[in-house]
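Below is one structure, written out as structure tokens; the observations come after it.
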Amino acid sequence: MSREVKPEIVSLCPLGIPAAPEPELLCIYGTGDLGRSLGLRLLQSGYRVAYGSRRPHSCGPLPQGAQVMSHEAAAQSAGLVFLCIHREHYGFLESLAPQLNGKVLVDVSNNLKKNLYPEANAEYLQRLIPGAHVVKGFNTLSAWALQNGPSDANRQVYLCGNSAEAKQAVEEIATKLGFTVLDRGSLSTARELEDFPLQLFPEWRLPLRVTVGLSAFFFFYVLTGDVIYAKVVNGKDISFRIMVSLANKVFPIVSLIMLTLCYLPGIIAAILQLYRGTKYKRFPDWLDRWMLCRKQLGLIALGLAFLHVLYTLIIPIRYYVRFKIGEAIISRSKENTTRELDTTTAWRTDSYYSMGILGFAVYLLLGITSLPSVSNALSWREFSFVQSKLGYLTLFFCTLHTYLYGWSRFLQPSSYKWFTPPGYMLSLVLPSVVLVLKLLLLLPCVDRSLTRIRQGWERSDPENDSKKSLLT
Amino acid sequence: MSREVKPEIVSLCPLGIPAAPEPELLCIYGTGDLGRSLGLRLLQSGYRVAYGSRRPHSCGPLPQGAQVMSHEAAAQSAGLVFLCIHREHYGFLESLAPQLNGKVLVDVSNNLKKNLYPEANAEYLQRLIPGAHVVKGFNTLSAWALQNGPSDANRQVYLCGNSAEAKQAVEEIATKLGFTVLDRGSLSTARELEDFPLQLFPEWRLPLRVTVGLSAFFFFYVLTGDVIYAKVVNGKDISFRIMVSLANKVFPIVSLIMLTLCYLPGIIAAILQLYRGTKYKRFPDWLDRWMLCRKQLGLIALGLAFLHVLYTLIIPIRYYVRFKIGEAIISRSKENTTRELDTTTAWRTDSYYSMGILGFAVYLLLGITSLPSVSNALSWREFSFVQSKLGYLTLFFCTLHTYLYGWSRFLQPSSYKWFTPPGYMLSLVLPSVVLVLKLLLLLPCVDRSLTRIRQGWERSDPENDSKKSLLT
Amino acid sequence: MSREVKPEIVSLCPLGIPAAPEPELLCIYGTGDLGRSLGLRLLQSGYRVAYGSRRPHSCGPLPQGAQVMSHEAAAQSAGLVFLCIHREHYGFLESLAPQLNGKVLVDVSNNLKKNLYPEANAEYLQRLIPGAHVVKGFNTLSAWALQNGPSDANRQVYLCGNSAEAKQAVEEIATKLGFTVLDRGSLSTARELEDFPLQLFPEWRLPLRVTVGLSAFFFFYVLTGDVIYAKVVNGKDISFRIMVSLANKVFPIVSLIMLTLCYLPGIIAAILQLYRGTKYKRFPDWLDRWMLCRKQLGLIALGLAFLHVLYTLIIPIRYYVRFKIGEAIISRSKENTTRELDTTTAWRTDSYYSMGILGFAVYLLLGITSLPSVSNALSWREFSFVQSKLGYLTLFFCTLHTYLYGWSRFLQPSSYKWFTPPGYMLSLVLPSVVLVLKLLLLLPCVDRSLTRIRQGWERSDPENDSKKSLLT
């Protein structure tokens, strides 16, 4: 069938220049959405495409210019075969093993769920046809991107496979189609590539759950101490405060706690290492998982801090605030007494705002350095400088901001409605503890042992010696 | 001539260690700005450089250390030739074909305009000297970057060419010069690489034109209903409102409309697919172009929303606002009546601000995920989740924000000056329509057919069958 | 010793499928922190690992599964050797030269300081064992990342070496370990790679020093003219103004000056080129260094502008401001005269705010385009359009913003306390000069000569001819 195309190609070169060699024939198994889109794009990029089909004459509309062949003929005539079929239908391939021997097999398949099968589709395929060079790839792209070329989240083609030559061949095709190729190593990483298109922010789930839990708790806590207390005790309906005032209490409280949660696991790890006298023991699982989601915790906390900033800045244009201020000025003007500017209050409130602004600015810097392209450009020392030194500076600024907000109210009994402290006092517990512990860890004697342990030194504990060989 | 350099190189190795092999000789045709800069950098990176020149003794100042040869001698002695001359002067190369046979020819040329010639410079070159391995590359860098090494927009060297070995050789040089190499495939993409340095935000033009058009229209619309109406009807000059108040009406109106324009084409496409019963028919051209500039539309709308936020936040420090509020308080204090806080108004205005803040925050999130490094790190499913789900959430928040702004004024005749609705009412038409249509498309029965169509199912329409083979 | 592992591997394949070839044996010299972490990760990725040790039976706990051998045996049996030891201990390797001949030697070492040794560790190593293929790599990763795989600033492995095959072999291992590989060229760039993990924002130092110097100067300048003047002359204590009011004077002043410092060197360079009549002469060193830190200057200035925006937006919620406004309204209400809105003031203040907002918005756009992933996506022409055209627009907006702030106060003697101008007037000198010079450079006649010079044209000055050959 390939002979039919030859004359056309030759007729495209009327300039007397030797004709380009006939383009490579690629074969696609699978005439579904993915197979069609891929075929269309391959044809547009100058390849010849043959579809392998059980019933070559009844497989529906295919891209114009594509040939249709029997499975055997397609496998025979093409050097590279794309598999765009579901894993359940791989069975028929076994009978094609002789034809596929030595060919490059690109497994484009995806599963509907994670962990449906004990091994990756591509590994199963390699096991079925040991003589073929299986390459996993193109499966992370949407059918739309396969048809129309790279767009935002569809720029990169991840490849893996055991044969470097096979990967090279697939890489050339992907490059010609306009994609950037990332080689992910051998076929054993196929599972990872197959899970990739199924994932929906897996590393954000735990932090988001923490956020929702904390927000719900503090919302009801603040609602009780504010709106419900006013209703029950004073009989006033101030439920309109929910939309802005209460939100502007919940956001900063949760933000500060979550910022602290970024630094707490580091403190716990340091204490564990000091206590154990070695860094060569695994941390408990919960600590490992906690440490791995610090970045997400921090970014959500930054988002809440941003909301807090906006909610604070619109305060003076709120109807309620303008009404209150107007009333206050009118009643003051009727009192007819002169009031003095209270310099202490001026110092306190201005410091309070200043700390908040500086804390937010440093926090934003942390957020910017965690953008992939920025953190890639940093050396490891620079990144840890920013995330650790500037991180603690942020925590310090934000904690001080909250203390200055409370100020003398910590000692006023009227703050403690129904004998419970207001929300912001609760939010101060954890940051204060973390900051004190961090200061203790920075004491010269403690810091010295910790540094030694982190450089690989181990406390030679006679009873520990037996455990050393358990290191994994 | 290459023998002249040898003794120097050897004398650099006085330590008794075997001398490094003599560095490769590279040849540059063209002694203009680009040629000189490239030569300087190559010399600094340890290469030997020879300039090919028609008149070897009168070609002006060249980088120190570079040799000057006749065209023939240069082509003869170097394995790799950089072409830093204009396409119009390629003619002389034909006579060098024997010497250039089998050599790597790097075409660094650029044109002054797009579409000046029917084929790319590099393809023309390959046609002139079929025996050489032409590689297009380095043309996207500025002369400054060629001389001083990578800087911001000059980090990446794009290459294309038909010979993998030739590309490999050029890649090694580019890497040694400090650049990152991106292989863009075969020589047929040369045209793309040659157009790249000429482009000036081509995909932003249409969205910017839409922005300017909408802004101009709404500016005059708002100017008429506000400043001119006040002048004509009340005889008051409130033209000072142009700088902030009017700007702060135009920006949010245009922003909301442009945000809607990001989602409207998706709705139209879905309706088209439902109507046609297949996804395998091309959309009309205007719809395709519209869909391709959705990202730019959205980012400009985000910029306008950002301006709206800033313009809103400075309201309370404006002289005009302070004056008005002062007057209001003074006249209220003279009335001597007590006014009650209107809880409904408090609820409404606070909700209005809350919706605006939340809408802006989610919108910012959309903007951040469209940064190249962030969207590259997302799976396709994650990206479309953010852009579609969170996008509609943004649209919903912003539309609700505008409805709450209007509130009861929709029914007050005084809002309709000169029998025209105020600008924000106009801006609500499109978002309301899009949200309603989206809700209709989410109805189970509609959603089911749409999903089937998008998975490749086609409505078997007897009259359609004849058209199927036309699929391109 | 490698025979011990074989039976285990075979027993892992009970399915009748031919066993995978035995994994490659890699050797690690050095049982310190880095060596252990690397070994652990290699073992987890399926490699066999042997540690070379002088005293194979007393080298402390090693990862489970790793073999321990004598130095000779390890060098003999492995094809690839990782060197995780300090440069001072390289001496013993000389005696292993026969065994290491033809092997790939990966130098993972780092130094404690820059410039400790005259040549890079890897180059020294290559000189010690000329027969081995030395590859520098993995040294930019932290031990934590080596053990746990890629994380934020630890995604990329930089490699350099003289043998392409050796680099290919190391690249495969790095890819299998999950890292992205960046080939930095030949071994002569090893020094750069060894300096990378030691650097701590080297290019930010000068700009940060400028920031601190300018901020300190203007802080004391403003403190004198504001707080100290009020204390000495009026006897009032307004020191509470330090936290917000004074900060909000220092930040914008320093920001505007630093923004100007981004554009001043370009102007100086243009004048130098015009004066010299050529672009082929080196700029003085200070100008080169200045031009290379423009991006950092600009980003710090943007940060200060951001602080200025936040400090400005919280003005209306400050206690001091509310108090003052309340007093003003009360005293106005007692005067019992009607005041008119001053339209000129309304125009001026609104324009002042508008210019500030627009300037900040364009500035932010500049900041976004300087993110690595965004600037990589721009063509050189687009990048210079944004940084030059939009940059001058920013400077213009911000300068106008400051002039509108001053307005008539430039002529009021009361502005000049102790006969010195207020800070913002000082900050206007440099931007005004830069804008005027830029306008002069844009005059058609000047612009034409400059363009010609930048395209490589040189003024043929008889006395210059002798200097031309000095071009380096």
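Stokes-Einstein diffusion of segment B:116-211 at 20 °C, 1.002 mPa s viscosity, Kirkwood radius from Cα pairs, rounded to a whole number: 148 µm²/s.
Calculate how steeply helix B:319-335 sits against the longest principal axis of the alpha-carbon atoms of chain B, using the helix alpha-carbon long axis, and give the answer as 0 to 90 degrees to the nearest 10. Once rounded, the angle reads 10 degrees. Here r is the Cβ-Cβ distance between B:Ser151 and B:Leu441 and R0 is 41 Å; the resulting FRET efficiency, rounded to 0.05, is 0.30. To the nearest ten degrees, helix B:164-176 and the longest principal axis of the Cα atoms of chain B are 80 degrees apart. Averaged over peptide B:326-337, the number of partner chain Cβ atoms lying within 10 Å of each residue's Cβ comes to 6. Determine, from the Cβ-Cβ distance of A:Ala377 and C:Thr337 and an R0 of 60 Å, the FRET efficiency 1/(1 + (r/R0)^6), rounded to the nearest 0.05. Once the sixth-power term is evaluated, E becomes 0.45. Convex hull of alpha carbon positions in chain B: directionally averaged projected area 37.1 nm². Across the identical copies, the label point of A:Leu116 (7 Å from Cα in the Cβ direction) is separated from its matches by 5.5, 5.5 nm, in order from shortest. Dividing the Cα radius of gyration of segment C:130-274 by its Kirkwood radius returns 1.28 for Rg/Rh. Among beta bridges identified by DSSP and lying wholly in chain A, the antiparallel ones come to about 5 percent.
Along each principal axis, taking the top coordinate minus the bottom one, the Cα set of segment C:25-198 gives 37, 35, 30 Å in descending order. Of the accessible area of chain C, computed with a 1.4 Å probe over protein heavy atoms only, carbon and sulfur atoms account for 61 percent.
Over all orientations, segment A:262-375 has a Cα convex hull whose mean projected area works out to 12.2 square nanometres. To test your reading of the geometry: what angle, between 0 and 90 degrees and rounded to tens, separates the Cα axis of helix A:33-44 from the longest principal axis of chain A? On a 0 to 90 degree scale, this one is about 70. Note on the protein assembly as shown: Kirkwood radius taken over Cα pairs, Stokes-Einstein applied at 37 °C and 0.692 mPa s, translational D equal to 90 µm² s⁻¹. Sorted from nearest, the other copies put their B:Asp237 label points 4.8, 4.8 nm away, the label point being 7 Å from Cα in the direction of Cβ. Taking 7 Å steps out from each Cα toward its Cβ at C:Phe201 and B:Ser415 produces label points 5.0 nm apart. Cross-link partners for A:Lys324 among the lysines, with Cα-Cα distance under 28 Å and sequence neighbours closer than 8 places in the same chain left out: A:Lys231, A:Lys236, A:Lys249, A:Lys334, A:Lys417, B:Lys249, B:Lys324, B:Lys334, C:Lys324, C:Lys334. Residues of segment A:199-245 that lose at least 30 Å² of accessible area (1.4 Å probe, protein heavy atoms only) when the other protein chains are present, relative to their chain alone, are A:Gln199, A:Leu200, A:Phe201, A:Phe240, A:Met243.
When restricted to Cα atoms, segment B:207-262 yields an Rg and a Dmax of 12.7, 41 Å, respectively. Using a 7 Å projection from Cα along Cα-to-Cβ, the label point at B:Pro197 is separated from the same position in the remaining copies by 3.9, 3.9 nm, smallest value first. Here C:Ala164 and C:Ser70 are evaluated by their C-beta separation; at R0 = 30 Å the FRET efficiency comes out at 0.45. Look at the Cα gyration tensor of segment C:320-372: its axes a ≥ b ≥ c give a/c of at least 1.5 with a/b at or below b/c, and that counts as oblate. Pairing chains C and A buries close to 5400 square angstrom of accessible surface in total, based on protein heavy atoms and a 1.4 angstrom probe. Computed over protein heavy atoms with a 1.4 Å probe, the accessible surface of chain B works out to 47 Å² per residue. How big is D for segment C:202-441, in µm² s⁻¹ as a whole number, if Stokes-Einstein is applied with the Kirkwood radius of its Cα pairs at 10 °C and 1.306 mPa s? Translational D for this selection: 79 µm²/s. Take A:35-48, B:223-236 and order them by the average number of nearby Cβ atoms within 10 Å per residue, most first; the result is A:35-48, B:223-236. Loop-located GluC sites (Glu not before Pro) across segment A:270-364 with a Cβ neighbour count of 11 or fewer within 10 Å are A:Glu340, with loop assigned by DSSP.
The values are calculated or read from the model by the stated rules, or taken from the named source; none is laboratory data. Remember, predicted model here, so these are calculated numbers, not experimental data. Positions of Cβ are generated from backbone atoms using ideal geometry, with glycine treated the same way; all protein chains shown enter the neighbour counts. What goes into the accessible areas is simple: the full protein's heavy atoms, side chains included, and nothing from ligands, DNA or RNA. Shrake-Rupley method; radii C 1.70, N 1.55, O 1.52, S 1.80 Å.
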